[in-house]
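Have a look at the structure below, then the notes.
Bear in mind that the values in this text are calculations on the coordinates, not laboratory data. All values reported here derive from a predicted model rather than from experimental measurement. Ideal geometry is used to build each Cβ from the backbone, glycine not excepted, and the neighbour counts take in all protein chains shown.
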Amino acid sequence: MEDNRLLEARIKIDAVDREMIRLFEERFEAVKDVIAWKIDHGIAIFDGGREEEIRRKNGERIDPALYPYYIAWFDEMLKQSKLFQEQIVRERKDMSE
């Protein structure tokens with residue numbers, strides 16, 4: 001019985017991971033739209049106010065016991081998002097030169 005529980009948990013984790021990958025890609029597609037708009041309007045990549053707004057809003061939605069882990073994950077995702085945006089800015093700049 002215990003082996004089935006472990007297997008079922010791993011199957012569930014795999015399914016969640018697949019969905020997280022899909023959502024990650026979807027989020028980064030939206031990030032492309034955001035950075036394109038920022039470039040067109042001369043706006044900086046970093047928006048600390050927006051990051052804090054998202055932290056607060058999502059922090060209210062998550063189980064408080066998971067909050068510190070969520071914030072660590074969220075901060076890393078934002079870091080990667082900014083790196084991705086910087087790459088897009090560089091590529092656009094190189095194309096215009």
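Structure values in brief
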item: Computed FRET value (nearest 0.05) for A44 with I71, which takes r as the C-beta separation and R₀ as 30 Å; result: 0.85
item: Partner aspartates and glutamates for K93 [C-alpha distance under 16 Å; skip if fewer than 8 residues away on the same chain]; result: D40
item: Amide N proximity, segment 47-81 versus K32 label position 7 Å along Cα-to-Cβ, cut-off under 17 Å; result: 81
item: Alpha-carbon centroid distance for the pair segment 1-51 / segment 82-97, whole angstrom; result: 21
item: Calculated SAXS-style log₁₀ I(q)/I(0) at q = 0.20, 0.23 Å⁻¹ - the chain, Debye, Cα scatterers; result: -1.10, -1.26
item: Relative contact order for the chain, counting Cα pairs under 8 Å that sit 6 or more residues apart, in percent; result: 35
item: Which of N58, G42, V31, positive extreme of dipole for the chain (C-beta unit charges); result: G42
item: Crossing angle, helix 48-59 versus the chain [Cα axis fit, 0-90 degrees, rounded to tens]; result: 20
item: Within straight-line cross-link reach of K12, aspartates and glutamates at Cα separation under 18 Å, skipping those fewer than 8 residues along the same chain; result: E2, D3
item: In segment 1-60, the GluC sites (Glu not before Pro) that fall in loop regions by DSSP, at most 14 other Cβ within 10 Å; result: E60
